[in-house]
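Here the structure comes first, spelled out in structure tokens, and everything after it is commentary.
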Amino acid sequence: MTMPALSRRRLLTVGLGGGLAATRIAGAHALAAGVDQLLAAMTTRELAARMFMLPLAGTVLTAEEDAWLRELKPGGVMLTGNNFGTPDEIRALVAAIHDTNPELPPLVALDQEGGIVSPIVEDSVPGAPTLGQLSGEEIAALAGARAEMLAGFGFDVNFAPVADVAFAPDSFMAGRAFGSNPASVAEAVAAYLDGVAGSSVRHCAKHFPGHGRVAVDSHLALPVLDVDPGLWWEEDALPFRAAVDAGVPLVMLGHLRVPAWDVLPASLSPVAVRVLRDELGFAGVVVSDDLGMGALTAWGALEVVDLAVDAGNDLLLFVILHAAPEVLIDHLVGRVERGETAPGRVRQSVARLLRMQLGPVA
């Protein structure tokens, strides 16, 4: 049986006695009040869990996965290659994930960029290198078609578009970026986001501060983006600036060390988050790239959580787990209870996530 997307639509009629429906209809002030009400009702563990987006094993939700999803109530679930079967299997899996927390379903996300990153093979929309050769109107139309397709499966978040500029043929992002010219990439990113405006699927610009100058694969090792800050602002940052101006709801931090900023990779760096927030003016959800990737092997699994939270990430994304979900979440709970992480720090991130999930579609 196929089922509609549940998260935002279902929240129109369930939870808090229908109060969330009134929240969405009444506007920004009521939304803020509704989010505050939800936050006040959450335990420390529930708040901590909303900051995590976690993986699953296969195309069907196992009994064990169903149990920990219902117990932990994480903020999201990330589906990757092993999770994608037939279209009916995908719809059933997304619906089963949503059903583990009917009152406040986890966000279900994927990377559907098109081209070489297409876990849903039925997607007929091309990848960014091809889209980048089209007009803005054509990009917007095709992006909208992809978003409509993903909404039909029930997805809440698509980690696209790529806002990296593939400056050289050996760029790690050469097969995934809109092109090699910062201005044209910025135009393509803006057009893509214009095309998905109004979709129930939230989209994400990635991989800030820009993965396009490096050849190193951050799945395997930590790249170094050694670029003059002024040049970075005019070139690498330009597509991200366009995305923020277009109202993108999420920005993903890449695993890149920027010597001009920090000794830590951007995904774990408070400097990177400050630049994104203060200099680009981004007020939405900051999400890390996969915190289990090879770029971060210098830090243990729990240390990565500490650094990611301290840096200012709102959503901690895991595709590869080096510790069990409950261990990761309870570690953050312990930090809050010991006073190592301020409770307000966690609430701030969860508030951003809830405003995005429950607020009106842009």
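Being part of a loop (DSSP other than H, G, I, E, B), without any contact (Cβ under 8 Å) to a residue 12 or more places away in the chain and either surrounded by fewer than 16 Cβ atoms within 10 Å (Cβ to Cβ) or touching a strand residue (DSSP E or B) at 6+ places or on another chain (Cβ under 8 Å) (or both): is that true of GLY281 here?
Values: part of a loop (DSSP other than H, G, I, E, B): yes; without any contact (Cβ under 8 Å) to a residue 12 or more places away in the chain: no; either surrounded by fewer than 16 Cβ atoms within 10 Å (Cβ to Cβ) or touching a strand residue (DSSP E or B) at 6+ places or on another chain (Cβ under 8 Å) (or both): yes.
Taking the combined requirement at face value, the residue does not satisfy it.
Quick one: in segment 181-200, of everything that is among the small types (Gly, Ala, Ser) and in contact with a helix residue (DSSP H, G or I) (Cβ under 8 Å, 6 or more places away or on another chain), which residue is surrounded by the fewest Cβ atoms within 10 Å (Cβ to Cβ)?
The initial filter retains those residues of segment 181-200 that are among the small types (Gly, Ala, Ser), namely 183-184, 186, 188, 190-191, 195, 197-200.
Those still in the list that are in contact with a helix residue (DSSP H, G or I) (Cβ under 8 Å, 6 or more places away or on another chain) too: 183, 186, 188, 190-191, 195, 199-200.
Details: ALA183: 14, ALA186: 23, ALA188: 29, ALA190: 22, ALA191: 25, GLY195: 24, SER199: 19, SER200: 19.
Of everything passing the filter in segment 181-200, ALA183 is surrounded by the fewest Cβ atoms within 10 Å (Cβ to Cβ).
What's the number of the condition GLY292 fails, among (1) assigned to a helix (DSSP H, G or I); (2) crowded, with 17+ Cβ neighbours inside 10 Å?
(1) is the only condition that GLY292 fails.
Would a scan of segment 202-211 turn up a residue that is touching a strand residue (DSSP E or B) at 6+ places or on another chain (Cβ under 8 Å), hydrophobic (A, V, I, L, M, F, W, C) and not in a strand (DSSP E or B)?
no
Can you confirm whether segment 227-246 contains a residue that is closer than 19 Å to GLU137 by Cβ, of a type in the set (A, V, I, L, M, F, W, C) and not in a loop (DSSP other than H, G, I, E, B)?
Taking every residue of segment 227-246 in turn, at least one turns out to be closer than 19 Å to GLU137 by Cβ, of a type in the set (A, V, I, L, M, F, W, C) and not in a loop (DSSP other than H, G, I, E, B).
Have a look at PRO105, PRO126 and point out the one that is farther than 24 Å from SER180 by Cβ and assigned to a loop (DSSP other than H, G, I, E, B).
Exactly one of PRO105, PRO126 is farther than 24 Å from SER180 by Cβ and assigned to a loop (DSSP other than H, G, I, E, B), namely PRO105.
Looking for something without any contact (Cβ under 8 Å) to a residue 60 or more places away in the chain, part of a helix (DSSP H, G or I) and in contact with a Gly (Cβ under 8 Å, 6 or more places away or on another chain) - is there at least one such residue anywhere in segment 341-349? I'd like the intermediate steps shown before the answer.
Of the residues in segment 341-349, the ones without any contact (Cβ under 8 Å) to a residue 60 or more places away in the chain are 341-342, 344-345, 348.
From the residues that got through so far, the ones that are part of a helix (DSSP H, G or I) too are 344-345, 348.
Next, only the ones that are in contact with a Gly (Cβ under 8 Å, 6 or more places away or on another chain) stay: none.
No, segment 341-349 has no match at all.
I'd like the residue in segment 203-235 that is touching a helix residue (DSSP H, G or I) at 6+ places or on another chain (Cβ under 6 Å) and surrounded by 16 or more Cβ atoms within 10 Å (Cβ to Cβ) and, out of all such residues, is nearest to VAL165 (Cα to Cα).
Taking the candidates together, the pick is GLU235.
Matching residues to (1) under 25 Å from ALA160 (Cα atoms); (2) at pLDDT 95 or above; (3) assigned to a helix (DSSP H, G or I):
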position: VAL35; (1), (2), (3): no, no, yes
position: LEU39; (1), (2), (3): no, yes, yes
position: GLU46; (1), (2), (3): no, yes, yes
position: LEU54; (1), (2), (3): yes, yes, no
position: GLY58; (1), (2), (3): yes, yes, no
position: ALA67; (1), (2), (3): no, yes, yes
position: ARG70; (1), (2), (3): no, yes, yes
position: PRO74; (1), (2), (3): yes, yes, no
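The values are calculated or read from the model by the stated rules, or taken from the named source; none is laboratory data. Worth saying up front: this structure is predicted, and the values here are computed from it rather than measured. We place every Cβ from the backbone using ideal geometry, glycine too, and count neighbours over all the protein chains shown.
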